[in-house]
Amino acid sequence: MSLQLTEAVTDGSRRVLTRTGGILFALLLAQQALVVTSLNTVLVAETAATESIGLTLPVSGTVAVAVFVGVSLFTAVYFVVLARAFARPLTELSSFPAELYTRRIVPASLTMLVSGLGAAVAILVGFAALFFPGVFLAACFLFVIFAVGVEDRGVIGALKRSWELSRGHRLRLGVFVLLVGISGSLVGAVPAVFELAGEPVISDVATALSNSMLFILVYGMMASAYRQLTDGSDGFGSAGTSV
């Protein structure tokens, strides 16, 4: 099936404006807030500079590091749940069944962590090389989270599956990646303004909120694109587990 970006945008937006979208947004907002505050807390503990630091946690630097590590592990779980939740038919997004976060959640999350890191390293190397190889690889590995969360693929299997799904659609997916990057730069300018104005707390709040709003929309669009390329195949584990 040919990928229609316009349909991915409209359908993805509808997915965000559902009960499932609301739950996923709240979880992402919490994740973003904990990332910002835990890093700030570590920075304060290391430098003792508090005037230019925004929101922090009422814990020591060591505990803040543990919080950051815990949030990083939670992020892998979150992507498994997000992939399963958003990849369902639009009519089912008014519910949030336990199967989304209980079925094979530990092995799927570990696979998500490893495959996500592998894809991220490849993409960063591509961007460091000549920029466009990074865009190409980002387009190729855009559906890794769905291959893991929805199809129960293993690390190598998820990377291969995403590569296969993107074949023939990489130009459109590359445009999507570029638009997301541009949008991220524009959204990132908002917290920067508050930071320059000497309002680090407001800057941190704006960072967590704007990032969450942007990326929940991006994930909804990615789910819509994934459904297009898999002909809207429903159900988890349809491909079985693979390496």
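Would you call PHE74 open to solvent by 60 Å² or more (accessible area, probe 1.4 Å), over 16 Å from the mean Cα position of the chain (by Cα), aromatic (Phe, Trp, Tyr) and within 25 Å of VAL106 (Cβ to Cβ)? Judged against the criteria, PHE74 is not a match.
Evaluated against (1) free of Cβ contacts under 8 Å to residues at least 40 places away in the same chain; (2) in contact with a Phe, Trp or Tyr (Cβ under 9 Å, 6 or more places away or on another chain); (3) open to solvent by 20 Å² or more (accessible area, probe 1.4 Å); (4) over 26 Å from ILE23 (Cβ atoms), VAL201 falls short on exactly one condition, (1). The condition of being under 25 Å from GLN32 (Cα atoms), basic (Lys, Arg), in contact (Cβ under 8 Å) with a residue 60 or more places away in the chain and open to solvent by less than 80 Å² (accessible area, probe 1.4 Å) holds for only one of ARG84, ARG153, ARG161, that being ARG84. Looking across the range 43-66, the residues that are part of a helix (DSSP H, G or I), open to solvent by 40 Å² or more (accessible area, probe 1.4 Å) and either within 24 Å of GLY220 (Cβ to Cβ) or not acidic (Asp, Glu) (or both) come down to LEU43, ALA45, THR47, THR62, VAL63, VAL65, ALA66.
In the range 100-137, how many residues are in a helix (DSSP H, G or I), under 25 Å from PHE25 (Cβ atoms), open to solvent by less than 90 Å² (accessible area, probe 1.4 Å) and not β-branched (Val, Ile, Thr)? Count: 9.
The values are calculated or read from the model by the stated rules, or taken from the named source; none is laboratory data. Computed from a predicted structure; not experimentally measured. Neighbour counts are summed over all protein chains in view; Cβ atoms, including those assigned to glycine, are modelled from backbone coordinates with ideal geometry. With ligands, DNA and RNA removed, areas are computed over all heavy atoms of the protein, side chains included. Shrake-Rupley method; radii C 1.70, N 1.55, O 1.52, S 1.80 Å.
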